[in-house]
Amino acid sequence: MDILFSRNDSLCQRVKQALHPYDVWLVETLGEFKPDVIWLHHHGEDGLDKRVANLKDVVPDTAIVVLSNVPGNKEGMSVIMAGAQGYMNSFARPDVFRLVRDTVVSGHVWLGQSLMLALVAQLGNVAGIGNALKEQGLNSREEELLRCLSIGLNNQQIAEQLSLSEQTIKNQLSTLYKKYGVKDRLSLVLAVNNMRREAEYKRYGEDA
């Protein structure tokens, strides 16, 4: 069962039709519901990231997808950082809604390519954590791969950068996903970014 927060009747009908046969309930408050997915339509009001964070606190196991009439990278990054699993155009085709639902329910994150690259580049700056990477048992090739991810390169660009085939890059990414217990490149970059922060805190503590 899914929940939709929206004041747009047309969108409500489109979402319900797109996600059939899944039940989609239009509600004003979460109440006692524990849905599989919350579809949160952004009407342009302030505090969207705080609303996402508050919902995530109440139902941490529920995937939250933000629907935006005018999606942008800045807004997308803020809601993903707040805990949303998806960010998409509210005027997307019905098949896209179904694909997004399948993606977030399976534990992955749904983002457009532009936002994905921007978010990876912002979150994944792994410069200066060589020791932390080595502590994780990563070899030099894996370190190079993570550094390429950190600047937002896609698989083809990474393959060209490292003089490897694109299939080899996919295989190495799969290995890193398993090593970190994640399912996609965004989650991998988030894990590495957390490791970077821990390394910095440790270094500052030693210097204090």
Phi to ³J(HN,Hα) by Karplus 6.51 cos²θ - 1.76 cosθ + 1.60 over the stretch 93-100, Hz, x for Gly, Pro | 5, x, 5, 5, 4, 5, 5, 4
Of the listed links LYS74/LYS178; LYS16/LYS56; LYS34/LYS183; LYS56/LYS170; LYS50/LYS179, those spanning more than 28 angstrom between alpha carbons are LYS74/LYS178; LYS56/LYS170; LYS50/LYS179
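For the stretch 7-117, how big is Rg over Rh, using alpha carbon atoms and the Kirkwood form of Rh?
Details: Rg = 12.8 Å, Rh = 14.0 Å.
Expressed as Rg/Rh, it is 0.91.
So for ILE64, ILE158, fewest C-beta neighbours within 10 Å to most, what's the order?
Fewest to most other Cβ atoms nearby, the residues stand as ILE158, ILE64.
Would you mind getting me the FRET efficiency between VAL27 and SER187? Use the beta-carbon distance for r and R0 = 22 Å, nearest 0.05. Write out the running numbers ahead of the final one.
On the way: r = 29 Å, r/R0 = 1.32.
Efficiency, from the Cβ-Cβ distance: 0.15.
Computed from the coordinates by the stated procedures, all read-outs in this text should not be read as laboratory data. Computed from a predicted model, the values in this text were never measured in an experiment. Note that we place each Cβ from the backbone using ideal geometry, even for glycine, and neighbour counts take in every protein chain shown.
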